[in-house]
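Here is the structure we will look at.
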Amino acid sequence: KAGVTQTPRYLIKTRGQQVTLSCSPISGHRSVSWYQQTPGQGLQFLFEYFSETQRNKGNFPGRFSGRQFSNSRSEMNVSTLELGDSALYLCASSLAAGSNQPQHFGDGTRLSIL
Amino acid sequence: TQLLEQSPQFLSIQEGENLTVYCNSSSVFSSLQWYRQEPGEGPVLLVTVVTGGEVKKLKRLTFQFGDARKDSSLHITAAQPGDTGLYLCAGAPTGNQFYFGTGTSLTVIP
């Protein structure tokens, strides 16, 4: 059974650009969550999607957005990139929404802003 | 201030030693999960504890959920180099937004 796939694995951008990251969940999983991981702040929740609807959103500026497609694949977009956006972006999928659901993580996209 | 505080932040021990990692909060959680993350990879779920006072064992790893469901601990017996990694607790206090702990970086020296 294929795991969660995130593309690309590495990305280098410059300030002011925008970026789109992709996440393909485990087959059959309908919930996808996104996280930002940095050495200083650790793992922070960005947002969660379930059945193409955003269920929850973390405390991030509006430059961070996402969406989910009918096949459960998800994308997140960051506009007007800042140096502080450099981080590992992780996607996790689960069968259903809910805090008791085990989350399965991809290996992340490492985003570097120059 | 983080919702879930872990201690210690860093731990370096010799192979064969025992260790305990703590995860504390002032909030009540319906459940807590523990993950391990290795460099270059995403976190991998180890266990979910649901009931206050619950103890779960996974080979040499023992997980405990506090009676008040505000804290949890992970105890590793006879640590091995393969246990090296970043250990994270996580949960959703209100059933919505998921929070991860500050993390404990464990290094087991052969």
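In region A:58-68, which residues are farther than 15 Å from residue A:28 by Cβ, out of contact with any Leu (no Cβ under 9 Å at 6 or more places or on another chain) and modelled with pLDDT of 95 or more? Give the derivation first.
Pass one, region A:58-68, residues farther than 15 Å from residue A:28 by Cβ: A:58-67.
Next cut, out of contact with any Leu (no Cβ under 9 Å at 6 or more places or on another chain) only: A:59, A:61-62, A:65, A:67.
Result: A:61, A:62, A:65, A:67.
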Open item on the list: For region A:89-114, give me the residue count where each residue is within 13 Å of residue A:23 (Cβ to Cβ), touching a Leu at 6+ places or on another chain (Cβ under 9 Å) and either more than 9 Å from chain B (Cβ to nearest Cβ) or part of a loop (DSSP other than H, G, I, E, B) (or both).
Closed with: 6
- [ ] Could you figure out which of (1) away from chain A (no Cβ under 12 Å); (2) on the phi < 0 side of the Ramachandran plot isn't true of residue B:38?
- [x] (1)
Task: region A:27-44: number of residues that are surrounded by 18 or more Cβ atoms within 10 Å (Cβ to Cβ) and either touching a residue at least 40 places away in the same chain (Cβ under 8 Å) or under 18 Å from residue A:95 (Cα atoms) (or both) - done: 9
Task: Matching strands (runs of 3 or more DSSP E) fully within region A:1-85 where at least 2 residues are charged (D, E, K, R) and closer than 29 Å to residue B:5 by Cβ - done: A:53-57
Task: Qualifying positions in region A:66-77 - surrounded by fewer than 18 Cβ atoms within 10 Å (Cβ to Cβ) and of a type in the set (Ser, Thr, Tyr) - done: A:70
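Look at residue B:73 and say whether it is modelled with pLDDT of 95 or more, buried (at least 16 other Cβ atoms within 10 Å of the Cβ) and in a strand (DSSP E or B).
Values: modelled with pLDDT of 95 or more: yes; buried (at least 16 other Cβ atoms within 10 Å of the Cβ): yes; in a strand (DSSP E or B): yes.
Yes: the conditions hold for residue B:73.
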Task: Which listed residue is within 14 Å of chain A (Cβ to nearest Cβ), among the polar types (S, T, N, Q) and in a loop (DSSP other than H, G, I, E, B), from B:30, B:26 - done: B:30
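The values are calculated or read from the model by the stated rules, or taken from the named source; none is laboratory data. If you're wondering where the values come from, they're calculated on a predicted model, not measured in any experiment. Note: ideal-geometry Cβ built from the backbone for every residue, glycine included; neighbour counts use all protein chains shown.
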